[in-house]
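To keep things clear, I will list the structure first and then write my remarks on it.
The values are calculated or read from the model by the stated rules, or taken from the named source; none is laboratory data. Quick caveat, the model's predicted, so the values are computed rather than measured. Don't worry about glycine lacking a Cβ; one is built from the backbone with ideal geometry, like all the others, and counts go over all protein chains shown. The accessibility values were calculated without ligands, DNA or RNA, using every heavy atom of the protein model including side chains. Shrake-Rupley method; radii C 1.70, N 1.55, O 1.52, S 1.80 Å.
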Amino acid sequence: MMENEIMQKRWRLILGASSDPEASLSLSDEEEGMDEALEQLYEPERTGNLGSSSPGINRWLGDIRKYFPSSVIRVMQRDAIDRLGLDQMLLEPELLDAVEPDVNLVGTLLSLNKVMPSKTRETAKSVIRKVVDELIKKMASPLQQAISGSISRAVVNRRPKLNEIDWRRTITKNLKHYQPGLRTIIPENLVGFGRKGNALKDVILCVDQSGSMASSVVYASIFGAVMATIRSLKTHMIVFDTSVVDLTNQLNDPVELLFGTQLGGGTDINRALSYAQTLVKRPSDTIMILISDLFEGGNQEELLKRIADINSTGVQMIALLALDDEGVPSYDRGVAGFLGALDIPCFACTPDLFPEMMAAAIKKESWKQWMYRNEVFDKS
């Protein structure tokens, strides 16, 4: 097939049948199937073919899995949810089994948590577990390595055992003791990595569970569960809308943790931070991560006072406007500016950058240098 004809067919599939009223382009059986699946979703006069009463939804879900790669399927599923109310159909287990699991689908299922019948709940949990297991497999090791390495280097061990010696820092510190005759260094001062033991840092994840933060809730839950397995950290997980729920005791099971969230409510950041303050026992060793778009539905004046109060105690506070791959969401620039005036970093973070961000927080690295190095832009 000539390259020009291939391009013509691609544009025909993109633009729909109306772009070729005389049917001058001949489509193969597979292309006809792709065209039909696209038309059911995107042709204005046919929006409704995938409605909740349509018996063809199962076939359509099967067709898009047959004709398109996973990345395209996820986009089409998301569009079907937005345009045609597919979310309500996800309450039917047989349809839920046919969809392609991804983070956005998990967010949709969690938003339906309150109205999900018991027969659907177990199916939904199995779908969510697939996504959770995949994310943990991908993200656990980088996060554990980044945090463990940073913890070891953040605590100086003056009397290290042999396997605890940091040879690079030991050699650097003892270069002045070089012995030319022996052609070696005789170290007078050993520098070691921090010893493992009790938690060296407290981490408080404070996560906005309003509807716009769905993907952030999913990723935060995954990272919270992973950090809970690291002995050097004591990790708390708080989710909030107009109420506050402490899910720390569920960090051992990310799926149950996610089902403990209630996506879609209002937002009272001040109330959430008020509760988070009660968890702070060692301010200088506490990292508090607020994941929110900063739109306060409660008392904004009290919120600003509370942020300033927390910051003044020595708690290291970080504001993440989003923890997802979607870019920077809409956010309250006034509150973000207030954070910036207090030198509290405020930015959107992709999941793959989160381990490095945690490492920087543990080492108390300069945020300006870290952001410059990672091409992250402060939104304050």
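In table form, for the structure just shown:
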{"item": "Pair list, Cβ < 6 Å and 6+ apart or interchain, from region 207-227 residues that are touching a residue at least 12 places away in the same chain (Cβ under 8 Å) and within 14 Å of L105 (Cα to Cα) to residues that are open to solvent by less than 10 Å² (accessible area, probe 1.4 Å) and among the polar types (S, T, N, Q)", "result": "V217/Q209; V217/T261"}
{"item": "Pick from region 328-346, criterion over 12 Å from D378 (Cα atoms) and touching a helix residue (DSSP H, G or I) at 6+ places or on another chain (Cβ under 9 Å), ranking: least open to solvent (accessible area, probe 1.4 Å)", "result": "V335"}
{"item": "Checklist (1) open to solvent by 50 Å² or more (accessible area, probe 1.4 Å); (2) part of a loop (DSSP other than H, G, I, E, B) applied to E356, failing item", "result": "(2)"}
{"item": "Some residue of region 318-327 being in contact with a strand residue (DSSP E or B) (Cβ under 7 Å, 6 or more places away or on another chain), closer than 17 Å to D202 by Cα, of a type outside the set (K, R) and surrounded by 22 or more Cβ atoms within 10 Å (Cβ to Cβ)", "result": "yes"}
{"item": "Residues within region 134-145 that are of a type in the set (G, A, S) and either surrounded by 14 or more Cβ atoms within 10 Å (Cβ to Cβ) or farther than 13 Å from E356 by Cα (or both), tallied", "result": "1"}
{"item": "Test for V103: is it buried (at least 19 other Cβ atoms within 10 Å of the Cβ) and either under 15 Å from I222 (Cβ atoms) or at pLDDT below 80 (or both)", "result": "yes"}
{"item": "Pick from region 25-59, criterion small (G, A, S) and modelled with pLDDT under 70, ranking: surrounded by the fewest Cβ atoms within 10 Å (Cβ to Cβ)", "result": "S53"}
{"item": "Which numbered condition G327 fails, given (1) in a loop (DSSP other than H, G, I, E, B); (2) small (G, A, S); (3) under 23 Å from R282 (Cβ atoms)", "result": "(3)"}
{"item": "Qualifying positions in region 118-133 - open to solvent by less than 50 Å² (accessible area, probe 1.4 Å) and at pLDDT below 85", "result": "T120"}
{"item": "Options T267, T350, T286: the member that is hydroxyl-bearing (S, T, Y), closer than 24 Å to G211 by Cβ and crowded, with 22+ Cβ neighbours inside 10 Å", "result": "T267"}
{"item": "Residue count, region 353-380 (criterion: in contact (Cβ under 8 Å) with a residue 12 or more places away in the chain and of a type in the set (D, E))", "result": "2"}
{"item": "Condition check for G62: assigned to a helix (DSSP H, G or I) and more than 23 Å from the chain's Cα centre (by Cα)", "result": "yes"}
{"item": "Count of residues meeting criterion [over 15 Å from A214 (Cα atoms) and either of a type in the set (K, R) or open to solvent by less than 20 Å² (accessible area, probe 1.4 Å) (or both)] in region 239-253", "result": "2"}
